[in-house]
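Okay, structure first, notes after.
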Amino acid sequence: MSVASTWKPSHIILGGCRRTCLRGLPIDFHSTTRTLADTAADFKARFKLSLADAFAAALAKERKTELATGDPEFKALEREIKVRWLK
């Protein structure tokens, strides 16, 4: 079972080592496509999400996987994507 997770820069203090610090974290980076961007834009407009959250949801939908989160903003997307709620 796959889980798409989201990370926001505000979750960690990076100082001046953004790129090198991120390499050590369990994060997958994905290039965007027009289809992914369109889905993210749709989610952002309909569900009032941040751009980062909209892309995380769009990626989960595209990959047909769960999005693991504790963020209550994703509650509205439960009909669009599968959400694994973190406690």
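What do you get for chymotrypsin sites (Phe, Trp or Tyr not before Pro) in the range 28-61 restricted to DSSP loop and a cutoff of at most 16 other Cβ within 10 Å of the site's Cβ? Show your work: numbers first, answer last.
Working: sites: Phe29, Phe43, Phe47, Phe55; in loops: Phe29.
For chymotrypsin sites (Phe, Trp or Tyr not before Pro) across the range 28-61 that sit outside H, G, I, E and B with at most 16 neighbouring Cβ atoms in 10 Å, the list reads Phe29.
Quick one: Ser31, Ser50, fewest Cβ neighbours within 10 Å first, how do they rank?
Details: Ser31 5, Ser50 13.
Taking fewest neighbouring Cβ atoms as first place, the list is Ser31, Ser50.
Between Arg46 and Lys75, what length comes free when the chain is fully extended (0.36 nm per residue of separation minus the Cα-Cα distance, one decimal in nm)?
Fully extending the segment from Arg46 to Lys75 adds 9.1 nm.
Read-outs throughout are calculated quantities, based only on the coordinates presented, and are distinct from any laboratory measurement. Here the structure is a predicted model, which is why all the values come from computation and not from measurement. Don't worry about glycine lacking a Cβ; one is built from the backbone with ideal geometry, like all the others, and counts go over all protein chains shown.
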